[in-house]
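The values are calculated or read from the model by the stated rules, or taken from the named source; none is laboratory data. Being a predicted model, the structure only gives us computed values, none of them experimental. Cβ coordinates were reconstructed from backbone atoms using ideal geometry, including for glycine residues, and neighbour counts include every protein chain displayed.
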Amino acid sequence: MKPVRITLTVNGIKRELDVMPNESLLHVLRDRLHIISVKGNCFRGECGICTVLMNGRPVKSCQVLAPEADGSEIVTLEGLVKNGEPSLVQKAFLEEFGYQCGFCTSAFVLLGEWIINNIPNPTEEQIKEVLNAVVCRCTGYQQIIKAIMKAAQWKREGKS
Amino acid sequence: MPDSYKYVGSKVQRIDKDKVLGGAEFAYDFELPGMLWAKLVGSPYPHAKIVSVDYSDALKVPGVVAVFTGEDFPFKVGLYAADRDVLARKKALYYGHPVAAVIAESLDAAEEAATKIQVEYEPLPYSLKVEDSLKPDAPIIHEEMHTYKHAVFIYPKPGTNIAHQTKVRKGNVEEAFSKADVVVEKVYREPLLSHYYLEPWTGIARVRSDGTVEVWSSHQSPFAVRELLSKSLSIPMNKLVVHHLYTGGGFGGKAGLLLEHLPILFSKKLGGRPVKLRLTARENFFYMAQRAGYLIKMKTGATKDGKLIAHWGEYYLDAGAYADYTVNMARAIGLTATGPYEIPNIHVDSFAVYTNKVPTTAFRGFTMQELHYAFESQIDELAHKLGMDPAEFRLLNVFKPGISRTAIGERLKEDAGDPATPIKEVVKMLSEDDEKPKKPWIVRGKGIAAFWKGPFQPSSAASSAIVKVNDDGTVDVLVGTGAMGQGTITALTQIVAEELGIPPEIIRVSPHRSTDMVPYTWQTVGSRGLFSEGMSVIMACEDLIEQVREVASIVFDVNKNMIEYSEGKACVKGEPWHCITLKEAALGYMNPKGVTVGGPLIGRGYYVPPRNVLTDPETGQVLEEGHLAPFYTFGAGGVEIEINLLTGEIKVLKAVSVYDTPAVNPGLAEGQVVGGTVMGLNIAMRERLIYDEEGEYKGVFPEGMLLNPCLTGYLLARASDIPEKIEFKFLGVKQKDAPFGAKGIAELTMIPWPAALANAIYNAIGVRITELPITPDKLIEEIRKQKPELLEQAEKYLEVNL
Ligand code: FES
Ligand code: FES
């Protein structure tokens, strides 16, 4: 196998990388770019904790081949804090105790970002449906759901 | 909590904010320059002689540095029962048992080389069931048991597969049964489970040139890891540093012996180079200990006026191939014998039994979920047989603090808690807003279960804390407890803030710690963290306050009892202008002429359980008046469910639970309750590690293999699976010698659910389920056995409705 050159914009910074054709986006982000908020667990699309936003949409990065991500825009947890200011979803997770061990947290925060950007007035059911993509063994999900509801409300109210 | 507290009892945000903002570091993420990677190779047989290992091809893979096998490490490791090989020696004891390890410059190289190791095996007869392991002609899994080192309170039976037995004998059971008006006798089962913490186990170790061993790993209890490694590998503790980063969940699975010895031993053989062993989720199922399985036989008798008078039991834990921690769990379930009820006549034996399955260890609740599932089902049955309300029956028998004696003869302290009120509250909370189900084949039921638990620890289990004031008046708190998400470090921050009268923002409890930098604590298990470290930091704060008062009394030249401390300063009584702040006294107070009084402020505190005692090996009774644990938390849980008689599906409409203790932080407490409820109900309905115990799939799957080592086979709760309503209450009943009266809750939140669910099913349809998980197919099968008319009727309804 020969390496392939790809371009990724990761958290606003453009990167050129030589990757292997069978390399996962997860591998590129963690092992080449050392973005440690992106976690791995099952490497087979089951747990969802490797979730990142690719062109604004959540993907399980272990299931995306690096060449498939060529030219795309990737956002991870690190990219959400802007000028020292956490995003609404991050603030809501802190206020609502939306995390415990934290190993799954980056995935849920990113799902939260997608929800509030795409469903202005989400119901609990709609949120659950999206969250089903990722497992959390600690929280029982309720405080995560509350946090996302709150962030959505803040967004509707124009808070930043 | 009364409003008089400023920080304790309020929703102070978690201090581990980097988990949400980015940058939180776990052992999973940790790397060192020049680090090597390890990969293990597991046995494809459940029990087999290792004839030869050929790794010559593996060594040819570029980047491979070494391959090790069991013979490279000819000794055993363990804590309670040192029964474990470093890598399998002479024989492999379960499918997946690591027999060899490859060390390479990269993970890829290690992975490739691992596939090239040729092991020749000679399969041996094996046992996948406790019942089989106990047969007289059973294959003996640990022939050398008589040579194993074990803790003083562990009683192995060499020549058998019994790793430990606990006995509880009280009163005269036979006579009592002859007087009983009703007797219930049943057998309960729970399968092996996976903790499925999200951070797969990871460890990185290196040996420094002066011989100091350093290890970073995913664990609950840094000091327990140190103790174990020191004992097992004969490394003096001053040459052994265990580093604790954030741990991505533990639930008991990262409490006992983990795999730290592997990277340490590999590093030692490789000139001290750092070695990392990071498991995948699949490997974690095979290489890390899982939760034991249970076979619980119980016979319980009561009189017609509703008094429990006799209990007999045999509790078997399916320990898998290694029982290091499970032996102590067998002890815990035996000594707790009867749940939160007083019974004068008891005869119970509990056993940890080896099988050729994955090794086992503790799980959140340390056998109490399993005990209560069985015992609270017994209670429910007895109540029905007596024609009594199950809650009333419980209230007649539940412990009365100050009066009752437990199964082991321990008299509960006056302020031990409130076992009764949670039962009444749960019934009340369940009785609100009753509705009828919408379809005739859907039926509703309600069930409850009471519970209790204290930390099951050695009578000497100590904790300690240091609180130091920095030059600028901010405060650092040093404790030894592990941070795996439970929130203890946040609650400790609140306690220090309250004690010192300073805002939490100027206090730091580091989430990371090293055993050479922080004071000792025994373990982060048993819901003891907040209690034990809480007591320790309170004492440390008091010590610190004394020091500031001392300085102030010298500076202002008054008697020390004229100095009052509050809100971060020590002042002369009635003269609020004569004060010294924590900041001024931080490094010693310097007066205008340059004379310094006192020195750097360092408060020290500790906690050792008062009057905790051991039990008699023959009777399980306390050796003298004293306690098994420093606190017990009491509570009750209840569910309201809907059963679909056509599909066997159960929907939990409402899950309610009540705890007698106050909560130090309602936000954290809610997280524990909701997380514990969801986990407990999922265990009740979905989780199990599947083995082909009956040999039904011989020839289809490899023999003795764990069949579902993945999330498509091992079903965790997802967001849509949680109950429609989760409600809870903390009663705020205080224990005197507890931090702000509060006791532990983390495990308690998970205990009542399988029992409450089984009781709700009985309440709805009169069918008793004695085996977990209660899956739809199992429920239908049991209805068919116990109440076939229900299925017929449901089908008729369907015809009418179609
Ligand atoms: S690591 Fe589990 S889905 Fe990607
Ligand atoms: S917070 Fe631990 S897995 Fe979600």
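Brief remarks on what is shown
- Pair list, Cβ under 8 Å, 6 or more apart: the range B:639-650 residue touching a residue at least 12 places away in the same chain (Cβ under 8 Å), other residue of a type in the set (Asp, Glu): B:ILE643/B:GLU649; B:LEU646/B:GLU795; B:GLY648/B:ASP777; B:ILE650/B:GLU642
- Filtered residues of the range B:602-620 (kept if assigned to a strand (DSSP E or B), at pLDDT 95 or above and either out of contact with any Lys or Arg (no Cβ under 6 Å at 6 or more places or on another chain) or farther than 24 Å from B:GLY480 by Cα (or both)): B:GLY603, B:ARG604, B:GLY605, B:TYR606, B:TYR607
- If the condition is being part of a loop (DSSP other than H, G, I, E, B), within 13 Å of A:ALA66 (Cα to Cα) and within 13 Å of ligand 1 (Cβ to nearest atom), then the range A:19-54 contributes no residue at all.
- Qualifying residue in the range A:78-97 (condition: facing chain B (nearest Cβ under 9 Å), within 16 Å of ligand 1 (Cβ to nearest atom) and modelled with pLDDT of 95 or more): no
- Given (1) within 14 Å of ligand 1 (Cβ to nearest atom); (2) surrounded by fewer than 22 Cβ atoms within 10 Å (Cβ to Cβ); (3) in contact (Cβ under 8 Å) with a residue 60 or more places away in the chain, number of the condition A:LYS60 does not satisfy: (2)
- Residue in the range A:114-126 that is within 16 Å of ligand 2 (Cβ to nearest atom) and touching a helix residue (DSSP H, G or I) at 6+ places or on another chain (Cβ under 8 Å) present: no
- B:PHE223 being closer than 26 Å to A:ASN41 by Cβ, away from ligand 1 (no atom under 16 Å from the Cβ) and touching a Phe, Trp or Tyr at 6+ places or on another chain (Cβ under 7 Å): no
- Top-ranked residue of the range A:106-138 - restricted to ones that are at pLDDT 95 or above and more than 18 Å from the chain's Cα centre (by Cα), ranked as surrounded by the most Cβ atoms within 10 Å (Cβ to Cβ): A:CYS138
- B:GLY482 vs. criteria modelled with pLDDT under 95 and buried (at least 23 other Cβ atoms within 10 Å of the Cβ): yes
- Qualifying residue in the range B:711-724 (condition: at positive phi and away from ligand 2 (no atom under 16 Å from the Cβ)): no
- In the range B:675-701, of all residues being more than 14 Å from every other protein chain (Cβ to nearest Cβ) and β-branched (Val, Ile, Thr), the one that is farthest from A:ILE144 (Cα to Cα) corresponds to B:VAL700.
- B:GLN494 modelled with pLDDT under 95 and crowded, with 17+ Cβ neighbours inside 10 Å: no
- Contact annotation: residue pairs with Cβ atoms under 7 Å, 6 or more positions apart or on different chains, pairing a residue in the range B:279-297 that is within 13 Å of chain A (Cβ to nearest Cβ) with a partner that is at pLDDT 95 or above and part of a helix (DSSP H, G or I), are B:LEU279/B:TYR287.
- Extreme residue, farthest from A:CYS42 (Cα to Cα), among residues of the range A:115-143 that are more than 16 Å from ligand 1 (Cβ to nearest atom) and of a type in the set (A, V, I, L, M, F, W, C): A:ILE119
- Among the candidates B:GLU567, B:GLU575, B:GLU618, B:GLU624, residue that is surrounded by fewer than 16 Cβ atoms within 10 Å (Cβ to Cβ), over 27 Å from B:TYR7 (Cβ atoms) and in contact (Cβ under 8 Å) with a residue 40 or more places away in the chain: B:GLU618
- Enumeration of residues in the range B:441-462 that are assigned to a loop (DSSP other than H, G, I, E, B) and either modelled with pLDDT under 90 or basic (Lys, Arg) (or both): B:PHE456, B:GLN457, B:PRO458, B:SER459, B:SER460
- Matching residues, the range B:6-35, being more than 8 Å from chain A (Cβ to nearest Cβ), touching a Phe, Trp or Tyr at 6+ places or on another chain (Cβ under 7 Å) and part of a loop (DSSP other than H, G, I, E, B): B:VAL8, B:PHE30
- Only one entry in A:LYS2, A:LYS14 is more than 16 Å from ligand 1 (Cβ to nearest atom), assigned to a loop (DSSP other than H, G, I, E, B) and away from chain B (no Cβ under 13 Å), namely A:LYS2.
- Pair list, Cβ under 6 Å, 6 or more apart: the range B:732-749 residue under 17 Å from B:PRO610 (Cβ atoms) and in a loop (DSSP other than H, G, I, E, B), other residue modelled with pLDDT under 95 and of a type in the set (Gly, Ala, Ser): B:GLY744/B:SER527
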